[in-house]
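First the structure, in the form of structure tokens, and then the observations on it.
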Ligand SMILES: Nc1ncnc2c1ncn2[C@@H]1O[C@H](COP(=O)(O)OP(=O)(O)O)[C@@H](O)[C@H]1O
Ligand SMILES: [Mg+2]
């Protein structure tokens, strides 16, 4: 098992009251799974993905990732876990504005302490694979939304994570680019990479092998 959530909830305080964004979520993910999270806007999909990606802590419940209790370990250990094993594709890109495309791609590799020759080679391969060689010295603000999304996806995949979390990864891509990304995910999944995608698209859902439907913060 790669990860397991037990009775996980997430709430925010508002006017002295708890507003639940997620309530009593239970599920597990095996290595090699390809899961689609679906549900209407506001149902908690991004909140769940952010929790799994350790970007935001759940308010209650237990979260185990590779047998480590994410809900109790120290921040430093948690950061090590996600930097080492998780690639995150964000809905709103989250590229670093002050860095070029090439430098954005280098970031996950620097965390993983690759040698500079390996970094050079991996960045060159990745630029090539995503057809963005010509963009390497541009800053995110000089790219279209679709191009930024491609860079975000490239950055999530470059350091060969065990788990890819993708929040509506093809939302800003044209249909051909979208299909290419889904094919890339399929290829990675075939060699054992675990994928959890949030999607509104039945077509993208069909690439996965299991669906989790969320409604008002519950699994239905
Ligand atoms: N930090 C927050 N404070 C208050 N409400 C939030 C916060 N983050 C998300 N929400 C609310 O929680 C609900 C779920 O949000 P989200 O996980 O982004 O849904 P989805 O990704 O399914 O559209 C929404 O109603 C959203 O407005
Ligand atoms: Mg969302």
| said: Anything in the range 18-52 that is assigned to a loop (DSSP other than H, G, I, E, B), within 16 Å of ligand 2 (Cβ to nearest atom) and buried (at least 18 other Cβ atoms within 10 Å of the Cβ)? List them, or say none. | reply: 39, 43, 44
| task | Would you check if there is a residue in the range 170-193 being buried (at least 19 other Cβ atoms within 10 Å of the Cβ) and closer than 15 Å to residue 32 by Cα? | result | yes
| message | Within the range 102-190, considering only helices (runs of 4 or more DSSP H) that don't extend past its boundaries, which have at least 2 residues that are closer than 21 Å to residue 52 by Cβ? | response | 145-157, 175-190
| message | Any residue that is farther than 28 Å from residue 2 by Cβ, without any contact (Cβ under 8 Å) to a residue 60 or more places away in the chain, more than 16 Å from ligand 2 (Cβ to nearest atom) and in contact with a helix residue (DSSP H, G or I) (Cβ under 9 Å, 6 or more places away or on another chain) - is there at least one of those in the range 151-170? | response | no
| query | If you scan the range 199-220, which residues turn out to be touching a helix residue (DSSP H, G or I) at 6+ places or on another chain (Cβ under 7 Å) and over 19 Å from residue 30 (Cβ atoms)? | reply | 199, 204, 214
| remark: Quick count over the range 133-169, residues being farther than 12 Å from residue 195 by Cα and either within 16 Å of ligand 1 (Cβ to nearest atom) or surrounded by 18 or more Cβ atoms within 10 Å (Cβ to Cβ) (or both), is 15
| message | Is it the case, given these coordinates, that residue 216 is more than 23 Å from residue 155 (Cα to Cα) and either surrounded by 14 or more Cβ atoms within 10 Å (Cβ to Cβ) or within 14 Å of the chain's Cα centre (by Cα) (or both)? | response | yes
| query | What pairs can you find where one residue is in the range 47-66 and within 21 Å of residue 199 (Cβ to Cβ), the other is part of a loop (DSSP other than H, G, I, E, B) and within 12 Å of ligand 1 (Cβ to nearest atom), and their Cβ atoms are less than 6 Å apart, with a gap of 6+ or different chains? | reply | 50/56
| query | Among the numbered criteria (1) within 16 Å of ligand 1 (Cβ to nearest atom); (2) surrounded by fewer than 15 Cβ atoms within 10 Å (Cβ to Cβ); (3) assigned to a strand (DSSP E or B), which single criterion is violated by residue 7? | reply | (1)
| note | Counting only residues that are part of a loop (DSSP other than H, G, I, E, B) and touching a residue at least 40 places away in the same chain (Cβ under 8 Å), the range 68-98 contains a total of 8
| field | Conditions (1) within 16 Å of ligand 2 (Cβ to nearest atom); (2) surrounded by fewer than 17 Cβ atoms within 10 Å (Cβ to Cβ); (3) at pLDDT 95 or above; (4) within 30 Å of residue 173 (Cα to Cα): number failed by residue 97 | value | (1)
| query | Among (1) surrounded by 14 or more Cβ atoms within 10 Å (Cβ to Cβ); (2) away from ligand 2 (no atom under 16 Å from the Cβ), which single condition is residue 15 missing? | reply | (1)
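The values are calculated or read from the model by the stated rules, or taken from the named source; none is laboratory data. A quick note: this is a predicted structure, and the numbers were derived from the prediction, not measured. We place every Cβ from the backbone using ideal geometry, glycine too, and count neighbours over all the protein chains shown.
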